[in-house]
1. For residues that are surrounded by 14 or more Cβ atoms within 10 Å (Cβ to Cβ) and either among the hydroxyl-bearing types (Ser, Thr, Tyr) or more than 11 Å from the chain's Cα centre (by Cα) (or both), scanning just segment 39-54, find the one that is nearest to GLU80 (Cα to Cα).
2. Please specify each residue of segment 10-33 satisfying the condition of being assigned to a helix (DSSP H, G or I) and under 15 Å from the mean Cα position of the chain (by Cα).
3. Only one residue in ARG75, ARG115 is closer than 23 Å to MET1 by Cα and at pLDDT below 90, so which one is that?
4. I'm checking my understanding of the structure. Among residues of segment 55-85 that are among the β-branched types (Val, Ile, Thr) and touching a strand residue (DSSP E or B) at 6+ places or on another chain (Cβ under 6 Å), which one is surrounded by the most Cβ atoms within 10 Å (Cβ to Cβ)?
5. Assess whether PRO74 counts as being touching an Asp or Glu at 6+ places or on another chain (Cβ under 6 Å) and not hydroxyl-bearing (Ser, Thr, Tyr).
6. Tally the residues that are basic (Lys, Arg) and buried (at least 18 other Cβ atoms within 10 Å of the Cβ), restricting the search to segment 22-38.
7. Looking only at segment 34-60, count how many residues are aliphatic (A, V, I, L, M), assigned to a helix (DSSP H, G or I) and farther than 14 Å from LEU79 by Cα.
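The values are calculated or read from the model by the stated rules, or taken from the named source; none is laboratory data. As the structure is a computational prediction, the values presented were derived from the model and not from experiment. With ideal geometry, Cβ positions are generated from the backbone for all residues, glycine too; neighbour counts draw on all protein chains shown.
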Amino acid sequence: MEVTFANGKLARLCSSESQMIRELGPEAARRLGRRLQQLEAAASLAEFRHLPQVRAHQLVGDRDEQISVDLDHPRRLILEATEPVPRAPDGGLDWEAITSVVVIEGADTHARTLRKEPPGDRGS
């Protein structure tokens, strides 16, 4: 699958292991690197979706065309299919037809950032 990035800062972060470790910490950096490799190796988002621990799902509301993927709790990788977004007959995403994605952001679903948390701040 083709993987691109929403902006240069995100592309630079995701292309440098040392930068990922510095920004995210070693565990999240390892998982982010693994998810990006898995995305690139998959033929479609449907194939990627069925990998263990990926937990990919379509978001709802104003983020309806975005896909959330597990990194490390509570951090998620947010993707979008490239335009035009393929739709299934039921109105959801056509996962099999999605063969190119844009990485929009990494998000801590609570703090809205991908940066590592200071020690002791987890769960507050």
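1. Among them, the one singled out is LEU45.
2. Result: LEU10, ALA11, LEU13, CYS14, MET20, LEU24, ALA28, ALA29, ARG30, ARG31, LEU32, GLY33.
3. ARG75
4. Ranking the candidates gives VAL69 first.
5. The answer is yes for PRO74.
6. 2
7. Residues flagged as aliphatic (A, V, I, L, M), assigned to a helix (DSSP H, G or I) and farther than 14 Å from LEU79 by Cα within segment 34-60 amount to 1.
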